[in-house]
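Student: First the structure, then my questions, so here it is.
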Amino acid sequence: MALAGKIAAITASTKGIGLACVERFLNEGAVVYLSSRKQMAVNKEVDRLHEKFGPDKVFGTACHVGDEKQRKNLYDMIDNNHGKLDILVSNAANNNHFGSIFTCNKNQWSKIFDVNVTSTACLINEFLPLLEQSKLQGGNPNIICTSSITAVVKTEFIGPYAVSKAALTAMVRQMSPELAQKGIRINSVEPGVIKTDFAEVLHNPESPYNKILQQFDQKRAGESEEVANLVKFLASDEASFITGEAHRICGGSPGW
Ligand code: NAP
């Protein structure tokens, strides 16, 4: 099992890509902290996963990544239970605007950047002591951020979101050298269209916007589990020489 004994926290993980990562990590032997904005959604998934993996393997609490207090609650829960963190998957995103980039108002731009970039930076910064503790105890701590293929390709409908994901990818690159000095790796993944609620309008066969799938070599939407496979690899010790990089997972990217 690639993640045996490791302690992992995955944000935005009560459904979609985050939940697929939770299940993959648990199957690989990790202890996992899951979270999302809604406590009820967290409880539902924690209860379900307790049945399968046992109460000492899965923990969870509400954590809106834009809320400093809730980030602290999650931090304290991990600190009190395990005193360290080996893997942080920062997976939350906001996309409150669909259409021409020129119709996005200032509040929408602010919200998108707050969740996708600024709060991600805060989360990583605040969780560093737990990751450093992993290193002190002989672990190989690392961070994975869910970016998007839109960070590097043009898109017709989700321009502001794409700009924020480009910033996120750049942030991961910029954080890498300093984190490497602490023995912590950081990477981003850049999924294409994945079959989740978040991207329903892009992959639903009935949607007029699903023609976007034709831009990818495999001409299909991906499964959350396919992204989880990559995240699991990057989180594992097998990826020990990989840091500061963006990893596309989109069935063959359009363009370069
Ligand atoms: P999803 O299936 O809709 O799941 C979103 C999850 O995020 C839910 O658990 C939701 O639960 C939680 N969430 C939403 N806002 C949050 C916040 N501010 N703080 C904490 N949790 C929050 O979405 P997904 O497609 O898996 O998206 C996950 C990540 O993949 C995002 O970063 C997205 O940008 C990225 N991505 C997705 C695709 C795609 O095609 N699906 C492609 C590229 C990148 P609550 O409602 O309870 O908060």
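Student: When you check Ala9 against the structure, is it within 13 Å of the ligand (Cβ to nearest atom) and farther than 21 Å from Lys135 by Cα, yes or no?
Tutor: Considered against the rule, which asks whether it is within 13 Å of the ligand (Cβ to nearest atom) and farther than 21 Å from Lys135 by Cα, Ala9 comes out as no.
Student: Applying the selection to the stretch 202-236, what residues are in contact (Cβ under 8 Å) with a residue 60 or more places away in the chain and among the β-branched types (Val, Ile, Thr)?
Tutor: Val227, Val231
Student: Being at pLDDT 95 or above, within 12 Å of the ligand (Cβ to nearest atom) and part of a helix (DSSP H, G or I) narrows it down to one residue among Val172, Val231; which is it?
Tutor: Just a single option satisfies the conditions, and that option is Val231.
Student: Turning to a different aspect of this structure: Could you please tell me which pairs satisfy a Cβ distance under 9 Å, a separation of 6+ or placement on different chains, a first residue in the stretch 1-21 that is within 17 Å of Lys38 (Cα to Cα) and part of a loop (DSSP other than H, G, I, E, B), and a second residue that is within 16 Å of the ligand (Cβ to nearest atom) and of a type in the set (Asp, Glu)?
Tutor: Ser13/Glu45; Thr14/Glu45; Lys15/Glu45; Lys15/Asp197
Student: Additional query: Can you list the helices (runs of 4 or more DSSP H) found entirely within the stretch 63-153 that contain at least 2 residues being under 15 Å from the mean Cα position of the chain (by Cα), among the aliphatic types (A, V, I, L, M) and under 29 Å from Phe241 (Cβ atoms)?
Tutor: The qualifying helices (runs of 4 or more DSSP H) are 119-136.
Student: Turning to a different aspect of this structure: Which of the numbered conditions does Ala199 fail, given that it passes all the others? Conditions: (1) touching a residue at least 40 places away in the same chain (Cβ under 8 Å); (2) assigned to a helix (DSSP H, G or I).
Tutor: (1)
Student: So, in the stretch 60-81, exactly how many residues are more than 12 Å from the ligand (Cβ to nearest atom) and either of a type in the set (Val, Ile, Thr) or surrounded by fewer than 17 Cβ atoms within 10 Å (Cβ to Cβ) (or both)? Before you say what the answer is, go through the steps one by one.
Tutor: Residues of the stretch 60-81 that are more than 12 Å from the ligand (Cβ to nearest atom), as a first pass: 68-69, 72-73, 75-81.
Retained after the next criterion (residues that are either of a type in the set (Val, Ile, Thr) or surrounded by fewer than 17 Cβ atoms within 10 Å (Cβ to Cβ) (or both)): 68-69, 72-73, 76, 78-81.
Qualifying residue count, the stretch 60-81: 9.
Student: With (1) within 15 Å of the ligand (Cβ to nearest atom); (2) outside any strand (DSSP E or B) as the list, and Leu179 as the residue in question, which single condition is left unmet?
Tutor: (1)
Student: In the stretch 234-256, what residues are surrounded by 12 or more Cβ atoms within 10 Å (Cβ to Cβ) and modelled with pLDDT under 95?
Tutor: Ser253, Pro254
The values are calculated or read from the model by the stated rules, or taken from the named source; none is laboratory data. For clarity, every value in this text was computed on a predicted model and none was experimentally measured. Neighbour counts run over all protein chains shown; Cβ positions are idealised from the backbone, glycine included.
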